[in-house]
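Take a look at the structure below.
The values are calculated or read from the model by the stated rules, or taken from the named source; none is laboratory data. Please read all numbers here as calculations on a predicted model, not as lab measurements. Here the Cβ is made from the backbone with ideal geometry for all residues, glycine too, and neighbour counts use every protein chain on show. Quick note on the areas: whole protein, heavy atoms, side chains included, nothing else; ligands and nucleic acids left out. Shrake-Rupley method; radii C 1.70, N 1.55, O 1.52, S 1.80 Å.
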Amino acid sequence: MRTETYERLTLDLDDRSYDILVGEGLVANAGSLVRPFIKQDRTFIITDENVAKHHLPTLETALKSKDIKSHTLILPSGEQTKSFRQLDHVIDFLLEHNIDRKSTLIAFGGGVIGDLAGFAAAVVMRGIDFIQIPTTLLSQVDSSVGGKTGINTARGKNLVGSFHQPKLVLADTGLLETLPRRELLAGYAEVVKYGLINDPQFFEWLEDKAGKVISGDISARTHAVLVSCAAKAKIVAQDEKESGARGLLNLGHTFGHALEAETGYNGSLLHGEAISIGMVMAHDLSAELGLCSEQDAKIVRAHFENIGLPISTDYVSSNALGGKKLEVSRLMDHMSRDKKVSNGRLTFVMTKGIGQAYLDNAVDMAVVSDFMKRFIA
Ligand code: GLY
C-alpha cells in the first residue's frame, strides 16, 4: 500500500462542517479514512466506466481491508449520465440493495458522478450521507466541494438539484496521473479562476508553476488543489446557498455556459475550455468598460493561451460547430435563461484587475451584445 501524505482543510458550516483531505494515496487508504464517517459496515459506490477501469479495485480493496462491504454501480462516462434516467437507475440500485437512512454513498468520479450521486443521496430516503472521492482535477478543485448536486434536463444544465453537503472529501492527487491532458487543462481553468477572483499571489505562483501543475509535478499539483479547495471552502462557508459571495465562483461562467449550450454538451467543448474563453471575455469586457487595465486583460489571455487552453470562440466554431460562426443573438438568448438571472437582470462577475473580481448586476445587455459581436468577429 502506498503511504498517504495529505493536508487537511475544514469547510466550516456549523454542524454540517466537513474535512477536505488533499494529497497522494488517499484512495489506497480510504478504508481507515472513511471508517469514522460511516454508520454501518457497508457503503454504496457510484462510479463510471473510466474510473472503474483505473481505480475501482484500489478503492474496493481499501474498504475491504477495514471490513467495509461495498456495493458498486458503474455508469457510462460522460455528461449524458447526469440525467433523470440515470438518477432513477441509481436510486433503483440503492433500493434494490436495501439502503436505509444510516447508509453512506460514495461518489467516486468526476463532476458528473459527484453531482448525480450527490443528488441521489440528497433525495433517497429524504437524504442520506455521502462522501466525495473526486477523480478529475475539475472535480477536486470545484464540484466536489460546496454541496451543489444535480442533473441536467432537456432545457439546460443543472436545472434540477439540491444543496447537499458531503461528510468528507478525499482529493487524491495521485489519481490525476491517469487523466488525459485535455481534461487536466480543463480542470486547470478552474484553478486559475481562484487566482483571478481574489488571490493575485496565487495567480503569480501559477504564472511560474502552471507547466509543473499540468506536467505532473506532484507537489505543484497538490499545492494547486489545496489552495483552490481552501479558496472555495472559504467562499462556501460565507455563502452556502449563493445569495452573494459564492456568485464570484461564476467568473467566466455566464459567457462559458452560453458557449456550452450552443454545442449541445457533446464533449466537443469541455466546461473548463468554455470558462477559459469566458474568463478571457470577462476580462476583455471589463477592460473595454475601463474597469480593469488592458494590461491585466492581456496577461490573463496570455496565461490561458500559453498553457494550451482556448481563448477565442473560433475554437468553439471549429471544434463543435463545423466551422460555423457563433450567433450573438443565440448566445444572448442562452444568457437570459441563466440561473443567475433574477428579476430580469443578469449578475455578471466583472473585475477591476487580476484578483479583484466583483459581482455587477448593472451591466447593460446592449453593451454585452456589442462586445460579443466584436469578440466573435
Ligand atoms: N461551481 C460553483 C459553485 O460551486 O458555486
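Some observations on this one:
- Wholly enclosed strands (runs of 3 or more DSSP E) of the stretch 116-188 bearing at least 1 residues within 13 Å of the ligand (Cβ to nearest atom) and hydrophobic (A, V, I, L, M, F, W, C): 156-163, 168-172
- In the set (1) of a type in the set (S, T, N, Q); (2) within 15 Å of the ligand (Cβ to nearest atom); (3) out of contact with any Ser or Thr (no Cβ under 8 Å at 6 or more places or on another chain), the condition left unmet by T263 is number (2).
- Sub-8 Å Cβ pairs linking a first residue in the stretch 198-218 that is at pLDDT below 95 to a second residue that is surrounded by fewer than 15 Cβ atoms within 10 Å (Cβ to Cβ), at least 6 apart or interchain, are G216/E177, ordered by first then second residue.
- L326 being open to solvent by less than 20 Å² (accessible area, probe 1.4 Å) and in contact (Cβ under 8 Å) with a residue 24 or more places away in the chain: yes
- Qualifying positions in the stretch 329-361 - part of a loop (DSSP other than H, G, I, E, B) and either without any contact (Cβ under 8 Å) to a residue 12 or more places away in the chain or of a type in the set (K, R) (or both): R337, K339, K340, N343, G344, K352
- Looking only at residues in the stretch 126-159 that are among the hydroxyl-bearing types (S, T, Y) and crowded, with 24+ Cβ neighbours inside 10 Å, the one that is farthest from T222 (Cα to Cα) is T149.
- Filter result for D115 (crowded, with 24+ Cβ neighbours inside 10 Å and either of a type in the set (F, W, Y) or in contact with a Ser or Thr (Cβ under 6 Å, 6 or more places away or on another chain) (or both)): yes
Here is a yes/no grid of residues against (1) over 19 Å from the mean Cα position of the chain (by Cα); (2) of a type outside the set (A, V, I, L, M):
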position: F84; (1), (2): yes, yes
position: N98; (1), (2): yes, yes
position: S103; (1), (2): yes, yes
position: G111; (1), (2): no, yes
position: L116; (1), (2): no, no
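- With respect to the stated conditions, I151 fails to be within 15 Å of the chain's Cα centre (by Cα) and either closer than 17 Å to E7 by Cα or basic (K, R) (or both).
- Meets criteria (away from the ligand (no atom under 16 Å from the Cβ), closer than 26 Å to S312 by Cα and surrounded by 22 or more Cβ atoms within 10 Å (Cβ to Cβ)) for A224: yes
- Taking the stretch 186-199 as the range and being hydrophobic (A, V, I, L, M, F, W, C) and under 13 Å from the mean Cα position of the chain (by Cα) as the test, the residues that pass are A186, A189, V191, V192.
Residue-wise test of (1) open to solvent by less than 40 Å² (accessible area, probe 1.4 Å); (2) touching a residue at least 60 places away in the same chain (Cβ under 8 Å); (3) closer than 30 Å to T222 by Cα; (4) out of contact with any Asp or Glu (no Cβ under 9 Å at 6 or more places or on another chain).
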position: L95; (1), (2), (3), (4): no, no, no, yes
position: F108; (1), (2), (3), (4): yes, yes, yes, no
position: A121; (1), (2), (3), (4): yes, no, yes, no
position: V124; (1), (2), (3), (4): yes, no, no, yes
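- Subset of the stretch 234-251 (residues that are away from the ligand (no atom under 11 Å from the Cβ) and either crowded, with 20+ Cβ neighbours inside 10 Å or assigned to a helix (DSSP H, G or I) (or both)): K234, A237, Q238
- Residue match in the stretch 279-293 (condition: within 16 Å of the ligand (Cβ to nearest atom) and open to solvent by less than 10 Å² (accessible area, probe 1.4 Å)): yes
- Failed condition for I99, given (1) assigned to a loop (DSSP other than H, G, I, E, B); (2) open to solvent by 40 Å² or more (accessible area, probe 1.4 Å): (2)
- Residues being without any contact (Cβ under 8 Å) to a residue 60 or more places away in the chain and either aromatic (F, W, Y) or surrounded by 16 or more Cβ atoms within 10 Å (Cβ to Cβ) (or both) - total across the stretch 313-323: 6
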